[in-house]
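Here's the structure, in structure tokens; my notes come after.
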Amino acid sequence: MTTTAVSQHQTKWWSGGKSPFNVEYGKLMMWYFLMSDSFTFGAFLISYGTIRFSQNYWPGPSYVFNTFPGAGETNLPLAFVSLMTFILIMSSVTMVLAVHEGHHGNKKGVVKWMAWTIVGGLAFLSCQAWEWNHLITGHHPVLVDAATNRIEEWGQSMRHNPWGPIVENVTYHGEKVTRPGPVAFGGYFFGITGFHGFHVFSGVVINTIMLIMAQTGVFERRGHYLMIEKAGLYWHFVDLVWVFVFLCFYLI
Amino acid sequence: MEHGVAEVTIHHEPASTTKRIWKVFWILLIITIVELTLGISLYLLDLPEGLRMHLIKGVIIILSLAKAYYIVSVFMHLGDEIRNMIMTVVVPLMLFIWFI
């Protein structure tokens, strides 16, 4: 599978007339774009880490993200986000399979696996949308003013965070009451998962275009499916970022 | 495979089966399940701030880095590229991780 051992003895890579890394320009540039994008995401996650660990109190993710669509009030920490991770990993696998079919020039196979990858991307976006909606519209009683004992019902927003420490011995319509939590939580969660979701969305758009191009025979005429490989690199990058977003927000 | 214009790359044989891909899928799935198990145990055990909690978090982070290695090397085929090119990607990333 590798060219390195054989070809390095046969050719001088930097003597001109050929690509020194034995890779197409577009593919190399895609790698470097992905590097720059990972620095951006990395910067966001570093910033999140700095603020999060500088606070005395930060909502535990297993208390905030413990719902599952269709399961109502059941406490299921990490369940939904596990499903999202599984969906994205699966779509990464279908993408590699599409690239694999491209290497063999098999148009039908490419179309099939690209279609599945798009389905996976859309499923992930739907899950993320449900998660956001649930956070924003889910109301929780918050002790807003200790002096007057005023309780308000808050959903998660950029300015209000209902996930603060639990107030002892107080219930509101049978629910536990909390104090307001650190405001930065909303901004970071929606900002970073939103930025990632935007990448997933653009990835789905790109994959759809690739699917149409493959189906109409553009790559067949060109003689190679390199474009699919580049789209594949982008898609795997999106999956990789999710691995780390999921790590930072839900696990540590 | 010739690209027409100025670029010439030497074609290498693609893998004939998808076995490697599915093998890595199972590896990723198992690593993810282990990570989730550790995460749930952190939640259920509710450990106080201390060595054990940080140790478990450290293991989870290392597992995520392992996942990253598999995705980049096999799914993105970086492992199959010329060594120098791999280095142009890996070295800045390592520096960045050190920066983190």
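Placing unit charges on C-beta atoms (Lys and Arg positive, Asp and Glu negative, everything else neutral), compute the dipole magnitude of the protein assembly as shown about its Cα centre in debye, rounded to 20. It would help to have the intermediate numbers written out before the result.
Working: 21 positive and 21 negative charges, 150 e Å.
Dipole about the Cα centre, nearest 20: 720 debye.
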Checklist entry - Looking only at A:V200, A:V218, A:V238, which one moves most when chain A is put into a Gaussian network model with springs between Cα atoms under 10 Å? => result A:V218
Checklist entry - Where does helix B:19-45 land angle-wise versus the long Cα axis of chain B, in degrees 0 to 90, nearest 10? => result 20 degrees
Item to check | Residue with peak Gaussian network fluctuation, chain A [Cα springs, cutoff 10 Å], from A:G164, A:G223, A:G70 | outcome: A:G70
Item to check | Across A:K108/B:K19; A:K230/B:K19; A:K107/A:K230; A:K112/B:K57, pairs whose alpha-carbon gap is larger than 28 Å | outcome: A:K112/B:K57
Checklist entry - Which aspartates and glutamates, on any chain, are close to A:K18 with Cα under 14 Å apart, when same-chain ones fewer than 8 places away are left out? => result B:E2, B:E7
Checklist entry - What's the longest bit of chain A with no exposed trypsin sites (Lys or Arg not before Pro), using DSSP loop states and at most 11 other Cβ atoms within 10 Å as the test? => result A:13-158
Checklist entry - Using a cut-off of 17 Å between alpha-carbon atoms, which lysines can reach B:K23, once sequence neighbours fewer than 8 places away in the same chain are excluded? => result B:K67
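Within 10 Å, at most 14 other Cβ atoms, and a DSSP state outside H, G, I, E, B define an exposed site. Report the longest part of chain A free of exposed chymotrypsin sites (Phe, Trp or Tyr not before Pro).
Numbers: sites that count: A:W14, A:Y57.
After excluding every exposed loop site, the longest remaining stretch is A:58-252.
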Checklist outcome for this item: Only helices counted: for chain A, with every DSSP H run of 4 or more residues adding -39500 (n - 2.57) and the sum spread over all residues, [θ] at 222 nm is -21000 deg cm²/dmol
Item to check | Most mobile of A:V119, A:V23, A:V96 in a GNM of chain A (Cα contacts under 10 Å) | outcome: A:V23
Checklist entry - Per the 1.4 Å probe, what fraction of the accessible area of the protein assembly as shown, in percent, lies on carbon and sulfur atoms? => result 66 percent
Checklist entry - In chain A, with Lys and Arg counted as +1 and Asp and Glu as -1 at Cβ, which of these residues, A:P162, A:Q215, A:L122, has the Cα nearest the positive end of the dipole, that is, farthest along it? => result A:Q215
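The values are calculated or read from the model by the stated rules, or taken from the named source; none is laboratory data. Owing to the predicted nature of the structure, the values given are computational and were not obtained by experimental measurement. Every residue, glycine among them, receives a Cβ derived from its backbone with ideal geometry; neighbour counts consider all protein chains shown. Surface areas here come from the heavy atoms of the whole protein model, side chains and all, with no ligands, DNA or RNA. Shrake-Rupley method; radii C 1.70, N 1.55, O 1.52, S 1.80 Å.
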